[in-house]
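Following: one structure in structure tokens, then a few remarks.
The values are calculated or read from the model by the stated rules, or taken from the named source; none is laboratory data. All figures in this text were calculated on a predicted structure; none of them were measured in a lab. Backbone-built Cβ (ideal geometry, glycine too); neighbour counts: all protein chains shown.
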Amino acid sequence: MSRVEPLRRPARLAPGARVAVVAPSGPVPEERLQAGLDVLRGWGLDPVVGRHVLDRHGEFGYLAGGDADRAADLQSAWCDPAVDAVICARGGYGVQRMVDLLDWEAMRAAGPKAFVGFSDITALHQAFAVRLGLVTLHGPMAAGVDFVKSARAQDHLRATLFSPETVRTVRSDGAALVPGRARGVTLGGCLSLLAADLGTAHARPSARGGLLCLEDVGEETYRLDRYLTQLSRSGWLDGVRGLLLGSWARCEPYDGVRALLADRLGGLGVPVAEQFGFGHCDDALTVPFGVTAELDAGAGTLTLDEPALS
């Protein structure tokens, strides 16, 4: 089974960079989009919006327009040489429906650029790693309420994009579920989406050699159990080096979730650190995927070997 390897780092941003905002998943509230664009402009960026970002699917209201249109927006932004980074507007659901419509050869030929998102965007983090070999940023999205109302989330994403050497260490707010140190390459995302991605053409075949980041939102404990058990039974967790646990917002009380995480992950024999402050939570931090790092679960730190962006 293949091992997770470090990926190519896109270039950091500079004032004046053009950033495309796209909606690969759910429908986008216009007022929040405008607020997010204002934040990006305040950073000195030049944000441009995909043609279909404000669309809504005529039959399935949980989608931001048709699958082909959402795919076209992402591909057009990525292949535009004037665009320096692509930031998703929001998550929700829909990437699984459009990811197979992307022309990965054309996107690979377009070269590297920064890519930001989380939640449903987990499937794109996996695909960008497998198909493009690129470091991506698991971070807040342009029209997310967690972004437009959080100075901490904005500041950490901005630092990661403009001066990534200043945020090479990400710190946890909690203790170790399983103490210890481990080195590996960061990967992961939303637990339910990782489970849904198993066996698909664009998913990583294994977390072997990796530091796996997990979080989720609004799930009952038995469902979290099912996702973790599925990852385990499939062999996807074999050889993982360590785990970082983010937020479990709107799940059942954390004591019960924590007991489940200890039950399902504690037997892997690797360090497990909790409450790392990424995912569906207030003031969410940005974590790069595809970078070699060291996890110190006891100290609650993830230290990158090199900045997320070059």
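Some points to look at:
- Scan of the range 221-251 for residues that are touching an Asp or Glu at 6+ places or on another chain (Cβ under 6 Å), part of a loop (DSSP other than H, G, I, E, B) and over 19 Å from D120 (Cβ atoms), ordered by number: none
- Single match in A23, A77, A17, A64 (criterion: within 30 Å of W236 (Cβ to Cβ), small (G, A, S) and over 18 Å from the mean Cα position of the chain (by Cα)): A64
- Candidates P288, P253, P307 - the one that is out of contact with any Cys (no Cβ under 6 Å at 6 or more places or on another chain) and under 20 Å from D146 (Cα atoms): P288
- With respect to the conditions (1) within 15 Å of A159 (Cβ to Cβ); (2) modelled with pLDDT under 95, C281 falls short on a single one, namely (1).
- Per the conditions (1) within 21 Å of S192 (Cβ to Cβ); (2) at pLDDT 95 or above, the sole criterion not satisfied by L304 is (1).
- Residue within the range 216-233 that is closer than 20 Å to V116 by Cα and either in contact (Cβ under 8 Å) with a residue 60 or more places away in the chain or crowded, with 20+ Cβ neighbours inside 10 Å (or both) present: yes
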